[in-house]
2 protein chains.
Amino acid sequence: MQENNWDILITGGTLITMSAGMEIIEDSFVGIKDGLISAVGRNNDPGFPTFKAKESINASGCIVMPGMVNTHTHIPMVCFRGMADDLPLMEWLNKYIWPTEMRFINKKMVYDGAMLAMAEMILSGTTTFCDSYFFENTTAEAISVVGMRAVVSQGFADIFMSDKVKADKMMNVAERFVNRWQSYAPLITPAYFCHSPYTCSPDTLIRVKDATREKGILFLLHLLENKDETDTILNRYGKKPVQLLHDLGVLDEKTIAVHCNWLTKEEMTIFADLGVKVSHNPESSMKLASGVAPVPEMLIQGVIVGLGTDGCASNNDLDMIREMDTAAKIHKVTSMDPTVMNAQTVLKMATIEGAKVLGLDKLIGSIETDKKADIILVDMNQPHLTPLYNYYSQLVYASRGADVKTSIINGKIVMKDRQLLTIDHKTAMDNVRKIAADIINQKLITVSV
Amino acid sequence: MQENNWDILITGGTLITMSAGMEIIEDSFVGIKDGLISAVGRNNDPGFPTFKAKESINASGCIVMPGMVNTHTHIPMVCFRGMADDLPLMEWLNKYIWPTEMRFINKKMVYDGAMLAMAEMILSGTTTFCDSYFFENTTAEAISVVGMRAVVSQGFADIFMSDKVKADKMMNVAERFVNRWQSYAPLITPAYFCHSPYTCSPDTLIRVKDATREKGILFLLHLLENKDETDTILNRYGKKPVQLLHDLGVLDEKTIAVHCNWLTKEEMTIFADLGVKVSHNPESSMKLASGVAPVPEMLIQGVIVGLGTDGCASNNDLDMIREMDTAAKIHKVTSMDPTVMNAQTVLKMATIEGAKVLGLDKLIGSIETDKKADIILVDMNQPHLTPLYNYYSQLVYASRGADVKTSIINGKIVMKDRQLLTIDHKTAMDNVRKIAADIINQKLITVSV
């Protein structure tokens, strides 16, 4: 019989551990202390009643599961949610997204957008995300206020590194960003992000990757989002994108390739051998008609794949539960095989596999003792979640972001009974509405209704 | 200045009319009397303040739009939600769905399932649905209690019509069902449903279609859900399914073909010429890996297409908003064209086009004076729906079923501020949980977690 005082005790829920053994514990308890999961078990375990907690959460009727991990997004782009849709990719980028970004991206937009995005993410069950955008120092400030867990990756592209002076300046800014936030790990983990092989020269890719190696941080890039990227790179360098990156030496276990819609089987084996991780963003790639990543084949080849929403301008939400549902269904119909990407596989991609992609699987992604307490409660006591035969199916195919009731990150309750505790969401909404009003008033975009 | 007393007055919302002109009215009012929309306009219209209403609804921050029309479902199958997933179609049917249906379908299961399904549908913005299952007389009784609008179609298949005595009995039962409910139109509209060309003989198809002609009711059937249906019918009858049905004379403007995943361009022109309607159920067909219906081409050919969820065992929800999002995205990526199936087109399919499929477009599907008052309010004042550039985009790509705040059917409020007024959802959930417990206890299915 153990003596202990927990900070938080969650009782009565069905615990979906997402551990290696995929244990499910009905009528469970989870004890949290000092930000860690300190005990997990059944309510009738011997010794249970002697535990005391500062705060108790009744999880009756709920699934208790690891908070979800969104492996790729550009959170300040919530400011552009629905600004321009149903357009060809290059028209969307050239006429709407890039001109608006040029004019409206600044620290305030990034901060306000980040706050609103975090409200949305917490309200739909995400506890960890990987962001890639500009002014990541500002994003990290917003994250530290809210108390989410994040990999925050500062973006690079040749446009900002066109000569040595500019490039040196950019690297210095990035280095200061990493130095500032590295001590916040593992709540905030700084990283670098090269936009893509077609917007970053070999020199830029090598220089940025070398810098990440020196600092021991992650290196991210968009890769093979669109079909024509292969031809673009082939024409420019005489080799395909993955071969180019491999020859440049930037592919290793600390590299995350985002999208990979057009990855070949041979390229998958390179990724598997080198330990390159993949972030799969099905909804964004469907909406932009970019393609469907061959994820079932990647999994067979042994590539680690996590799920992501991408930014709000191409999704148009940050809801990981909806992303799971779509991920399962798109691969079934694409492969004409209803057995691929089953509910359990997809739920892993949204939790423990996503954690592996971000190099955080020792700390998060499953509910096990001594891991960080990143936990969500999903309220299953609702008409659209009745009856309940299979927890994984219900979570992936029938649940919605709005069913997430309570969220704990790093042992701290950030949402309780749908009430956000670390974000003033009304202010966050008002601030972003003002930014949107400015964008509309500047007539940079034509808002058609 | 008109003198009037409305039953319900909805003010302050943004009205998405879905009328032929697709008018959008900000700061709108909608007056409802005797089940009808009696006035629509802007709040500053002259004469507005003199109107009085028994009940006023403040729609500030909301979109006011037509209730959604689900053109195909099997509502009692909510009892099987998540019972068996990620399986090949024939294994799913033969090992799980059909044995369970054989054993557990009875009037009580149909009634309890219908009540739960209607709770879910109202809570996610559906006001009209088209159901096809067994014991539709019982389903209609449940519908009349709740006050939803529905086309209720009694199912036929050769298994129930194997000899003349059985067939005559089945036709008599069906005829009594139609006679009983025909006077409830247009709230309840009886119809007949032949399961498919591969489970119904030419004789059955002709006999049932003739009966619908006599009664002036709709005739529905599953068609070309799976790729191999073409070969099955070709081998059996020496012609493809659409040609078979055409030659049998069962295709006309009162026929609804459900799925049509493998419809050819030539067959589309037949449908367009004859006025045959199509119900498109993308999520179900993705999950079962049945195929992707060529809807963009159908629309070009002039076929009327509505949206549907199919039953809960293959979706696994009845959420039309999620269905819209998936419908838009799957066609973009399948055709590799991000401009097809834009948000407005998809929202039409979920409202006015769905009403056309069901032959109810003179009455519902848009918000216009003298139409039936089937209206929903969607609460846009939420983080995941901020900012707001384009109403159609926001509804299709970012909203969720849980954002529907209030629902009015036939001029009666059936949900207000997320509270169901005509269904006791707790009892409905308990009843279906008992059915599920029986199914699990009978070990007809192995519930794997």
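None of the figures in this text is laboratory data; all of them are computed from the coordinates on show. These numbers come from a predicted model, not from an experiment. Counting neighbours? That spans all protein chains shown, and the Cβs are built from the backbone with ideal geometry, glycine included.
Things worth noting here:
- Distances in nm from A:Asn5 to the matching label points in the other copies, shortest first (labels 7 Å along Cα to Cβ): 6.6
- Theoretical FRET efficiency, 1/(1+(r/R0)^6), r = Cβ-Cβ of A:Arg433 and B:Ile206, R0 60 Å, to 0.05: 0.50
- Three-way shape label, the stretch B:96-198, alpha-carbon gyration tensor, a/c 1.5: oblate
- Length available on full extension from B:Lys108 to B:Asp337: 0.36 nm per residue minus the Cα-Cα distance, which gives 77.7 nm.
- Taking a straight Cα-Cα cut-off under 21 Å and skipping sequence neighbours fewer than 8 places away in the same chain, the lysines within cross-link reach of B:Lys287 are A:Lys287, A:Lys329, A:Lys332, A:Lys348, B:Lys95, B:Lys227, B:Lys329, B:Lys332.
- At 7 Å out from Cα toward Cβ: B:Gly21 inter-copy label distances (nm, ascending): 6.8
- Sparse-neighbourhood loop sites, GluC sites (Glu not before Pro) in the stretch B:1-101 - DSSP loop, at most 14 other Cβ within 10 angstrom: B:Glu3, B:Glu26
- Signed unit charges on C-beta, dipole axis of chain A, positive-most listed residue A:Ile423, A:Ser19, A:Gly311: A:Ile423
- Charging the Cβ of each Asp and Glu at -1 and of each Lys and Arg at +1, and nothing else, the dipole of chain A about its Cα centre rounds to 780 debye.
- Estimated dipole of the stretch A:342-420 in Debye, rounded to 20 [Cβ of Lys and Arg +1, of Asp and Glu -1, Cα centre]: 160
- Overall size of the protein assembly as shown from C-alpha positions, given as principal axis extents largest first: 84, 69, 59 Å.
- Förster-model FRET efficiency, 30 Å R0, A:Trp98 and A:Met171, C-beta, rounded to 0.05: 0.80
- Rounded to 0.05, the FRET efficiency of the B:Glu368 and A:Glu266 pair, given R0 = 60 Å and the Cβ-Cβ distance, is 0.55.
- When the charge dipole of the stretch B:68-357 is built from unit charges on Cβ atoms (+1 for Lys and Arg, -1 for Asp and Glu) and taken about the Cα centre, the candidate among B:His222, B:Met118, B:Trp92 whose Cα reaches farthest toward its positive end is B:Met118.
- By Cβ position, the chain B residue that hugs the axis carrying B onto A most closely, with its distance in whole Å, is B:Ala402, 2.
- Acute angle (nearest 10 degrees) that the helix B:320-335 long axis makes with the longest principal axis of chain B, alpha-carbon atoms: 70
- Taking the Cα centre of the protein assembly as shown as origin and assigning +1 to Lys and Arg Cβ atoms and -1 to Asp and Glu Cβ atoms, the resulting dipole is close to 820 debye.
- Applying a DSSP loop filter and a limit of 16 other Cβ atoms within 10 Å to the GluC sites (Glu not before Pro) in the stretch B:219-261 leaves B:Glu253.
- Note on A:429-436: average number of Cβ atoms from other chains within 10 Å of each residue's Cβ is 3.
- Two-site label geometry, B:Tyr237 and B:Asn43: point separation in nm, points 7 Å out along Cα→Cβ: 5.7
- Dipole of the stretch B:166-254 computed with +1 at Lys/Arg Cβ and -1 at Asp/Glu Cβ about the Cα centre; of B:Pro190, B:Gly249, B:Asn235, farthest Cα towards the positive end is B:Pro190.
- Nearest 10 degrees, 0 to 90: helix B:202-215 Cα axis against chain B principal axis: 30
- DSSP beta bridge pairing in the protein assembly as shown, given as percent antiparallel to the nearest 5: 40
- Excluding the site residues themselves, the longest part of chain B lacking any trypsin sites (Lys or Arg not before Pro) in a DSSP loop with at most 14 other Cβ atoms within 10 Å is B:1-226.
- In chain B, the longest principal axis of the Cα atoms and the axis of helix B:425-441 are about 20 degrees apart.
- Each other copy holds its own label point for A:Leu93; taking that point as 7 Å from Cα along Cα to Cβ, the gaps run 4.5 nm, nearest first.
- Per-residue extension of 0.36 nm, minus the Cα-Cα distance of A:Asn5 and A:Thr230, leaves a gain of 75.3 nm for this segment.
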